[in-house]
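Report on one structure; see the data block that follows.
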Amino acid sequence: MQRIILPLLLLAFLSANAQTRQSQNSITISGTVIDQDSGQPLEYATFVLQEVENPDKVTGGITDLDGKFEIETTPGRYNIRVEYISYKTYSLTNQNYTSSTNLGPIVLATDVSQLQEVEVVGEKTTVEVRLDKKVYNIGKDLTTSGGNVSDALNNIPSVNVDVEGAISLRGNENVRILINGKPSALAGFGSTDILRQLPADAIEKVEVITSPSARYDAEGTAGILNIVLKKEKTLGINGSVNLTGGHPFNARATTNFNLRTEKFNIFNTLGYYHRESPGNGFSDNTYSQGEFDRIIEDRETSRNNDGFNLNIGMEYFLTEKSSITGSFFYRYNKGDDLTENDNQRFTDAALASRTFRTENQGEDGNSRQFSFNYTNNINDDGHKLTADFQYSFDDESTFTVIQENNIVPNTDLLALENIYEAEKQDDILAQVDYVLPMGDAQFEAGYRGTFQKEINDYQLDQFNQDTNQFETNIDLTNTFTYHENVNALYTQYGNKFGKFSFLAGLRLENTEMRGGVDSDIDSEALQEILGDDVDLNFDKNYLGLFPTINLIYEFKGNQNVSLGYNRRINRPRGWFINPFPSRSSRTNVFQGNPDLDPAFANAFDLGYLKRWDKLTFTSSIYYQRETNSFERVQEETGEVTSDGIRIIRSIPINLSTNERIGAEAGMLYNPVKWLRLNGSFNFFRFSTDGEFNGVDYSADNSSWFARFSSKFTLPAKIDFQANSFYMGPRQNAQTDTKGMFSLNLAMSKDIFKEKGTLSLNVSDVFNSRKRQSYTETAFFTSDSEFQWRVRQINLSFIYRFNQPKERRQRGGDRQNGGDDMEMEEGQFQGGKG
């Protein structure tokens, strides 16, 4: 044994001594690569070291997200070269390094002569994988040319926009929508209607945040979608004009103008649109009680919407390290929607009566938003302080006339109602974020306060045929005022140890929800309508801790595994807790519930990513458990209309505990230069357990959705693209919804020496984007079909001035040349939320 141990010990000693000598003889060459125009770091720039005496011996690396590089080598004489696509190469020759050296900032200047040749930059949708999110840089998506933001979101993996504009993430509709990292007036009253009004080409990128870090607001149990709008940073004057026309008739004109100097940057987007969106619906309803046992409704809807939006701002550079930015956003929209409803009512399978109902709704809305930002890049290492203030004001008024006439067995006026709704919302946001890098580690802390006030004024006037005058229904007329104030503190810390990176944080949020109702109805009648337990003037306060952690381990061969955990909250919106009933028809009433409490969720996400030369594969398995979740249920009110139809009420309640488990996979494949393929698949299982008023609403549901996109270049440099989408069948406590398929096609051609692009696209080629569902309760069933918008054909023309066809986005944007999915090593910065 001794003969074996002594040689092994001697060998180990000699090996360790050799390694020590080698370590003592090694040095490091480090530095930072930055953009000359913007001063921003350039990530993934190439740094090359070439030995002078042995030119065939070359080493080097690439810069990280902060533009930093650090190369280990041996003392000697070297030639240095720094390269970056469409930038002038930086070089130093015959440099003698005998000890570790920091070269400091290396400034690269744009090679203007190459810009027109960079056909790949901005051409495609690229994907960046970060510790807490995926970032989709929206490129030249032909199918959304001339479309809106909702159209663009519907092409993002994991995201779905249904026929009514509701946005879901991995099948869950409780998604937090942010604009430029913050809640915004652009989303007016929490709805997604504005996303159908903004042009798709206003988007720079979309951040899909399924495992948000502590920096983000804890709202949204499904996660966060952050829509980042363009703000050009190219020196000089540049811009574009985009014109679109289509059938059914729509027209849009959008202009972008930017002026950048060494001292300031002015950016502006101006747009006008007119859109006509015909839709239709059909429902076959049966009732277990009441005068009629079956009612068939056939609806046709015509929508005419006009809108104007303006976004203008200026960034002023106080010093080389600090700047202030101010911007103003204004939106005006006017809508005129007409729905015609043919009702056939049956008793014992015989037609008992037939009515014709029209709903004519006119809407005017204004949104204004003032935003201010102060940024101080304290040093080039990422030490940073930012402060934001934002004020938003929304004002929307709606006037709806509902008229219903008998056709069979006689012709007369059945009902005539006028509904007046006025909504006002004020939002104030104040936020401070501090980032302190510490070598490979990074510490962050911050505060955010949001202060929201909503006033909803609702009035129902009904026509009295005896007096030939309108009379106000005081049982439903009211003014509801709602306050929601959220104060939050957060801190997070990230570090990297070799191939392992982590980001852990904790967020403390205090939520105050206050509401009050002003109505002329007396207290006894009020309690009879609302219930004895309903508190009209409520004041609730919630204090919660929301931990988050995200981990990534990188393997060899361009692959990594990630694991994320976060706790989230779902706060009820103002209209969900307004206790006064409102209605869009005589037979359907929606009533909010002031007793609603927030729902809380714990979510886990396990992901895997692998990259080959021409193929990128990404996948994840996720699990979420939500407690005290709220859901809309339908029940009888015990009341009937004058012609014997039972009135049904929808009300949101804290129904249940639910669990969601799923898996998703995505593929990006670029086999040849002229062909790009992109596909994704998401499968999830949802189970809920709860009951209300003695009715069991427990349900189990499995569903899936998939999308596939192909883009290829035809002769004569004509680009062609096809996007297909399929949503599998799904269920909730009362409704089964069938699967749905849609296909979009588009083609484009560059003209005027590539300063202009002409695009033609067809949305929903087979006119199949329809929601078909079946609802069953103890007292009625409904078999229905709904199509929000019929097939759309658009022709678009964009003209660029002083702007290359493929604009490069400086700073944090990718400069790669394909549908690549880049892993950002050591990245701990999230977005503002």
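The values are calculated or read from the model by the stated rules, or taken from the named source; none is laboratory data. In this text, all values refer to a predicted model and were calculated from it rather than measured experimentally. Positions of Cβ are backbone-derived with ideal geometry, glycine not excepted, and every protein chain shown enters the neighbour counts.
Only one residue in Asp457, Asp440, Asp394 is over 29 Å from the mean Cα position of the chain (by Cα) and within 24 Å of Thr477 (Cα to Cα), so which one is that? Talk me through it step by step, then tell me what you get.
On the way: Asp440 fails: within 24 Å of Thr477 (Cα to Cα); Asp394 fails: over 29 Å from the mean Cα position of the chain (by Cα).
Going through Asp457, Asp440, Asp394 in turn, just one is over 29 Å from the mean Cα position of the chain (by Cα) and within 24 Å of Thr477 (Cα to Cα): Asp457.
Could you check segment 434-506 for strands (runs of 3 or more DSSP E) lying wholly inside it with 2 or more residues that are buried (at least 18 other Cβ atoms within 10 Å of the Cβ)?
Details: elements: 441-464, 469-472, 478-497.
Ranges flagged: 441-464, 478-497.
So which of Glu363, Glu262, Glu291 is assigned by TED's automatic domain parsing to the domain that holds Gly245, over 21 Å from Ala415 (Cα atoms) and modelled with pLDDT under 90? Working first, answer last.
Values: Glu363 fails: modelled with pLDDT under 90; Glu291 fails: over 21 Å from Ala415 (Cα atoms).
On inspection, the qualifying residue turns out to be Glu262.
Restricting the search to segment 318-351, which residues are modelled with pLDDT of 90 or more and among the hydrophobic types (A, V, I, L, M, F, W, C)?
Residues satisfying the conditions are Leu318, Ile324, Phe328, Leu338, Phe346, Ala350, Leu351.
Among the listed residues Glu626, Glu664, identify the single one that is crowded, with 21+ Cβ neighbours inside 10 Å, at pLDDT 85 or above and either closer than 30 Å to Pro581 by Cα or hydroxyl-bearing (Ser, Thr, Tyr) (or both). Full working, then the answer.
Details: Glu664 fails: either closer than 30 Å to Pro581 by Cα or hydroxyl-bearing (Ser, Thr, Tyr) (or both).
Answer to the check: Glu626.
Can you find even one residue in segment 310-321 that is touching a strand residue (DSSP E or B) at 6+ places or on another chain (Cβ under 6 Å), outside any loop (DSSP other than H, G, I, E, B), assigned by TED's automatic domain parsing to the domain that holds Asp643 and under 30 Å from Gly439 (Cβ atoms)?
yes
Kindly check whether there is at least one residue in segment 480-496 that is modelled with pLDDT under 90 and among the aliphatic types (A, V, I, L, M).
no
Going by the conditions given, is Ala699 at pLDDT 90 or above and crowded, with 17+ Cβ neighbours inside 10 Å?
no
Could you grab me the full set of residues in segment 238-287 that are in contact (Cβ under 8 Å) with a residue 60 or more places away in the chain, surrounded by fewer than 18 Cβ atoms within 10 Å (Cβ to Cβ) and over 30 Å from Thr735 (Cβ atoms)?
Passing the criteria: Val241, Leu243, Gly245, His247.
Which one of Ser680, Ser650 is touching a residue at least 60 places away in the same chain (Cβ under 8 Å) and closer than 27 Å to Asn723 by Cα? Walk me through it before giving the result.
On the way: Ser650 fails: closer than 27 Å to Asn723 by Cα.
It is Ser680.
For the condition touching a Gly at 6+ places or on another chain (Cβ under 9 Å), touching a residue at least 60 places away in the same chain (Cβ under 8 Å) and among the small types (Gly, Ala, Ser), what is the one hit in Ser763, Ser782?
Ser763
Can you tell me which residue is modelled with the highest pLDDT among those in segment 538-568 that are surrounded by fewer than 21 Cβ atoms within 10 Å (Cβ to Cβ) and β-branched (Val, Ile, Thr)?
Ile549
When segment 765-800 is examined, which residues are found to be of a type in the set (Val, Ile, Thr) and either assigned to a strand (DSSP E or B) or crowded, with 19+ Cβ neighbours inside 10 Å (or both)?
Of all residues in segment 765-800, those of a type in the set (Val, Ile, Thr) come to 765, 775, 777, 781, 790, 793, 798.
Result: Thr775, Thr781, Ile793, Ile798.
Every residue in segment 584-599 that is free of Cβ contacts under 8 Å to residues at least 60 places away in the same chain and either aromatic (Phe, Trp, Tyr) or crowded, with 20+ Cβ neighbours inside 10 Å (or both), please. Lay out the reasoning, then the answer.
First pass over segment 584-599, keeping only residues free of Cβ contacts under 8 Å to residues at least 60 places away in the same chain: 596-597.
If the condition is that a residue be free of Cβ contacts under 8 Å to residues at least 60 places away in the same chain and either aromatic (Phe, Trp, Tyr) or crowded, with 20+ Cβ neighbours inside 10 Å (or both), then Leu596 is the only one that fits.
Which members of segment 600-623 meet the condition of being buried (at least 17 other Cβ atoms within 10 Å of the Cβ) and either of a type in the set (Lys, Arg) or not assigned by TED's automatic domain parsing to the domain that holds Ile651 (or both)?
Arg611, the sole residue that qualifies.
Just for segment 573-602: of the residues that are in contact with a Ser or Thr (Cβ under 7 Å, 6 or more places away or on another chain) and small (Gly, Ala, Ser), which one is farthest from Val640 (Cα to Cα)?
Across segment 573-602, the extreme among qualifying residues is Ala601.
Given (1) in a strand (DSSP E or B); (2) on the phi > 0 side of the Ramachandran plot, identify the lone condition not met by Gly644.
Only one criterion in (1) in a strand (DSSP E or B); (2) on the phi > 0 side of the Ramachandran plot is unmet by Gly644, namely (1).
Filter segment 318-346 down to the residues that are under 30 Å from the mean Cα position of the chain (by Cα), over 30 Å from Asn285 (Cβ atoms) and not aliphatic (A, V, I, L, M) and list them by number.
The answer is Ser322, Ser323, Thr325, Gly326, Ser327, Phe328, Phe329, Tyr330, Arg331, Tyr332, Asn333, Lys334.
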